[in-house]
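Heads up, the thing below is written out as structure tokens.
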Amino acid sequence: MPRLITLAEWSEITFGDRKPHRNTLAKWVSDGLIRPYPRKIGRAYFVEPNAEYVDKDAEMLAKML
């Protein structure tokens, strides 16, 4: 099983200096826009290092085409 990292670490790795605000990350988690889905352990969310942001609109459009 791969090592889990915090959601904040993931956003830093994935987005660098342009990382989203923590409230935005929390909204993405609640909307299911990060896959594989983050796990809540204690107070913090943890994700696999290879997790990705998924744009549902673009995903739906790709399915339609």
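Just to check I understand the Karplus step: with θ = phi - 60° and J = 6.51 cos²θ - 1.76 cosθ + 1.60, what whole-Hz values come out for segment 12-20, glycine and proline as x?
5, 5, 6, 10, x, 5, 9, 5, x
Expected output is a single nm value to one decimal: the length gained when fully extending between VAL29 and LYS56, i.e. 0.36 nm times separation in residues minus the C-alpha distance. What is it? Could the numbers behind the result be given before it?
Values: separation 27, 0.36 × 27 = 9.72 nm, distance 1.30 nm.
Answer, rounded to one decimal: 8.4 nm.
For the chain, what is the charge dipole size about the Cα centre, in debye to the nearest 20, if Lys and Arg each add +1 at the Cβ and Asp and Glu each add -1 at the Cβ?
On the way: 11 positive and 9 negative charges, 58 e Å.
Computed about the Cα centre, the dipole is about 280 debye.
Between the DSSP loop rule and a limit of at most 10 other Cβ atoms within 10 Å, which trypsin sites (Lys or Arg not before Pro) in the chain are left? Don't jump to the answer; show the numbers that get you there.
Working: sites: ARG3, ARG18, ARG22, LYS27, ARG39, LYS40, ARG43, LYS56, LYS63; in loops: ARG3, ARG43.
Taking the chain and a limit of 10 other Cβ atoms within 10 Å, the loop trypsin sites (Lys or Arg not before Pro) found are ARG3, ARG43.
Counting C-alpha atoms alone, how compact is segment 8-56: give Rg to one decimal and Dmax as a whole number, in angstrom.
10.0, 28
What residues have an amide H closer than 5 Å to that of ILE34, excluding those fewer than 5 places away on the same chain, when H is modeled at 1.01 Å from N in the peptide plane?
Excluding prolines and chain starts, which carry no amide H, the hits are VAL54.
Need one number: nm distance between label points at ALA44 and ALA8, each 7 Å from Cα along Cα→Cβ, rounded to one decimal.
0.7
Rounding to the nearest 10 and keeping the result within 0 to 90°, find how far the Cα-based axis of helix 22-31 lies from the longest principal axis of the chain.
50
Bear in mind that the values in this text are calculations on the coordinates, not laboratory data. Computed from a predicted model, the values in this text were never measured in an experiment. Counting neighbours? That spans all protein chains shown, and the Cβs are built from the backbone with ideal geometry, glycine included.
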